[in-house]
């Protein structure tokens, strides 16, 4: 399913690290509370 500019993002869950703690970030936790910007950085933290 391709998204277009202005479309709402589908719900998602992603693993993340906050300090030394591993957490799960859920898009629904931000729904109607804050703006959420999702960016993708291919190959970040990948040895070259």
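The values are calculated or read from the model by the stated rules, or taken from the named source; none is laboratory data. Everything quoted here is computed from the prediction, not taken from an experiment. Positions of Cβ are generated from backbone atoms using ideal geometry, with glycine treated the same way; all protein chains shown enter the neighbour counts.
Is it true that residue 15 is surrounded by fewer than 10 Cβ atoms within 10 Å (Cβ to Cβ) and touching a strand residue (DSSP E or B) at 6+ places or on another chain (Cβ under 7 Å)?
Considered against the rule, which asks whether it is surrounded by fewer than 10 Cβ atoms within 10 Å (Cβ to Cβ) and touching a strand residue (DSSP E or B) at 6+ places or on another chain (Cβ under 7 Å), residue 15 comes out as yes.
What pairs come up if the first residue lies in segment 28-39 and is on the phi < 0 side of the Ramachandran plot and modelled with pLDDT of 80 or more, the second is surrounded by 10 or more Cβ atoms within 10 Å (Cβ to Cβ) and in a loop (DSSP other than H, G, I, E, B), and their beta carbons are under 6 Å apart, counting only those six or more places apart or on different chains?
Partner pairs satisfying both residue conditions: 30/36.
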